[in-house]
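*Asks:* Here it is, the structure, as structure tokens.
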Amino acid sequence: MGGEVGLLNNDGLLTILSILINLTFIVTLTENSAMMVLIYIDSQLHTPMNFLLRHLSLMDAKYSCTTVPKMMVDKLTGQKSTSFWGCISQIFLYWTLLRAECFLLGPMVYDRYVAIGHALCYAVLMNQRRCIQVAAGSWLLGGADGFLNTPLVMSFPYCASRVINNFFYEVLALLKLSSSVAVSCVDISVYESVMYVCCVLMFSVLFALITFCYGRIVAFVLGMRSAHAWKNTLATCS
């Protein structure tokens, strides 16, 4: 069993923060659910961009559900503990959905780049089969990342404190339990360094792709002579 004590010790501030988080969670879940339903029922929205957007909304909704509902229940019941397998499940889903979103954002930006800069080739480059492959690849890569890292993180010995100063269980919080100042169980510096380098590389590649694609899109927009086309393009990219 493990426990979390939260980020704040002041009950008043903790209540206010919990209310804000719960409201944000409700708004996020409502917006993403509405997005998915609208895209599904409206045939005019069955486009590659909206297909990928529907998967992004699904990932975002599930991502929010991995942590906030448990926090809400714990706040209402006063419980501050969870089972070992509950902790593993939360870490796996949190890690998987976070990475899956990152893997999907790149192709979504590329989709807008092709649609605006290479409109004549768009139907070939971003057909239904390609969209399914992109969405499936994002889910699989996120899941593979979760399957790879979750067992590795949980294999470290946690012989120090079992209390986490956080609202939920995540990798960095757990790693601190393996390298407690009071009880140095195992040297995790190599794993932390590798994880840091991998995260930096992944986000750097994603940021570079987004910057390049939107830079090219801006160049295309600035070269447009039609004000109507210019507004439509900006509205689509926003």
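The values are calculated or read from the model by the stated rules, or taken from the named source; none is laboratory data. Just so you know, these numbers come straight off a predicted model, no measurement behind them. Neighbour counts are summed over all protein chains in view; Cβ atoms, including those assigned to glycine, are modelled from backbone coordinates with ideal geometry.
*Asks:* Can you pull out every residue in the stretch 51-92 that is farther than 18 Å from Ile19 by Cβ, surrounded by 18 or more Cβ atoms within 10 Å (Cβ to Cβ) and aliphatic (A, V, I, L, M)?
*Replies:* Leu52, Leu53, Leu56, Leu58, Met59, Ala61, Ile91 - these are the residues of the stretch 51-92 that are farther than 18 Å from Ile19 by Cβ, surrounded by 18 or more Cβ atoms within 10 Å (Cβ to Cβ) and aliphatic (A, V, I, L, M).
*Asks:* Show the residue pairs meeting these rules: Cβ distance below 6 Å; 6+ apart or different chains; first residue within the stretch 80-91 and closer than 18 Å to Leu148 by Cβ; second residue crowded, with 16+ Cβ neighbours inside 10 Å and at pLDDT 75 or above.
*Replies:* Listed pairs, sorted by first residue: Gln90/Thr66; Ile91/Thr150.
*Asks:* Val197: at pLDDT 70 or above and surrounded by fewer than 11 Cβ atoms within 10 Å (Cβ to Cβ), yes or no? Can you show your working first?
*Replies:* On the way: at pLDDT 70 or above: yes; surrounded by fewer than 11 Cβ atoms within 10 Å (Cβ to Cβ): yes.
So Val197 fits the description; yes.
*Asks:* Mind listing whichever residues of the stretch 132-151 are of a type outside the set (Gly, Ala, Ser), more than 13 Å from Leu98 (Cα to Cα), crowded, with 17+ Cβ neighbours inside 10 Å and at pLDDT 90 or above?
*Replies:* Once the filter is applied, which keeps residues that are of a type outside the set (Gly, Ala, Ser), more than 13 Å from Leu98 (Cα to Cα), crowded, with 17+ Cβ neighbours inside 10 Å and at pLDDT 90 or above, the stretch 132-151 yields only Val134.
*Asks:* Check off (1) more than 20 Å from the chain's Cα centre (by Cα); (2) hydroxyl-bearing (Ser, Thr, Tyr); (3) over 14 Å from Leu209 (Cβ atoms) for Thr150 and give me the number that stays unchecked.
*Replies:* Going through the list (1) more than 20 Å from the chain's Cα centre (by Cα); (2) hydroxyl-bearing (Ser, Thr, Tyr); (3) over 14 Å from Leu209 (Cβ atoms), Thr150 breaks only (1).
*Asks:* Tell me which of these Asp74 doesn't satisfy, since it passes every other one: (1) assigned to a helix (DSSP H, G or I); (2) more than 30 Å from Ser226 (Cβ to Cβ); (3) in contact with a helix residue (DSSP H, G or I) (Cβ under 9 Å, 6 or more places away or on another chain).
*Replies:* Every listed condition holds for Asp74 apart from (3).
*Asks:* Does Thr28 qualify as being buried (at least 18 other Cβ atoms within 10 Å of the Cβ) and either under 18 Å from Gly142 (Cβ atoms) or out of contact with any Asp or Glu (no Cβ under 6 Å at 6 or more places or on another chain) (or both)? Spell out the reasoning first.
*Replies:* Working: buried (at least 18 other Cβ atoms within 10 Å of the Cβ): no; either under 18 Å from Gly142 (Cβ atoms) or out of contact with any Asp or Glu (no Cβ under 6 Å at 6 or more places or on another chain) (or both): yes.
Taking the combined requirement at face value, the residue does not satisfy it.
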